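Read the structure below first, then the notes.
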Amino acid sequence: MFKKKFSASEWQKDVECTGKGNKTSNAIRDRKPCGAKINLTINDVFTTHNLDYAGKKPIHFTFKCPNCGSKTDLNDKELPREVKKVRIFKTEESVDKEKTKHTLDENENDM
Ligand SMILES: [Zn+2]
């Protein structure tokens with residue numbers, strides 16, 4: 001039996017808007033995580049960096065809630081390696097740009 005080869009572009013995950021790991025940046029923008037359930041696709045994932053006391057920069061994989069704009073860190077362990085590999089160079093800005101582009105073609109997907 002062959003297991004279907006994992007394709008990063010087909011990755012999806014149901015997550016909750018909790019603001020985890022982004023309390024500071026959410027507060028600056030005056031946003032409270034709304035708790036919405038979001039069906040995440042690979043196009044929603046970007047990376048954020050936190051400076052720690054040693055000046056190292058741990059990378060977090062993060063998404064921005066389409067309802068309230070809060071950012072929530074994803075659990076690294078639940079992200080497939082393939083997804084991380086594709087999204088590791090993405091920033092919040094580049095995702096916003098992609099979204100604007102996609103919204104023009106995907107209006108029929110609105111709930
Ligand atoms: Zn939200």
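No lab work stands behind these numbers, since they all come straight from the coordinates. Treat the numbers as computed from the prediction; the structure is a model and nothing was measured. Neighbour counts run over all protein chains shown; Cβ positions are idealised from the backbone, glycine included.
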Residues of region 15-32 with amide N under 18 Å of the 7 Å Cα→Cβ point at Glu78: 15-23
Selected from Ala54, Ala36, Ala27 as most flexible by GNM, with the chain as the system and alpha-carbon contacts under 10 Å: Ala54
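Specify the longest stretch of the chain that does not include any exposed loop site, a site being one of the trypsin sites (Lys or Arg not before Pro) with a non-H, G, I, E, B DSSP assignment and at most 15 other Cβ atoms within 10 Å.
Values: sites that count: Lys3, Lys4, Lys5, Arg29, Lys56.
Counting only loop sites that pass the neighbour cut-off, the longest clear stretch is 57-111.
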Where only C-alpha atoms are counted, convex hull volume of the chain per residue in Å³: 138 Å³
About the Cα centre, charge dipole magnitude for the chain (Lys/Arg +1, Asp/Glu -1 at Cβ), debye: 520 debye
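Counting Lys +1, Arg +1, Asp -1, Glu -1, what net charge surrounds Asn26 among other residues with beta carbon under 9 Å of its beta carbon? Before the final figure, lay out the partial values.
Working: positive: Lys23, Arg29, Arg31, Lys32, Lys71; negative: Asp30.
Result for the neighbourhood of Asn26: +4.
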Cross-link partners of Lys32 among lysines (Cα-Cα below 21 Å; sequence separation of 8 or more within a chain): Lys20, Lys23, Lys64, Lys71
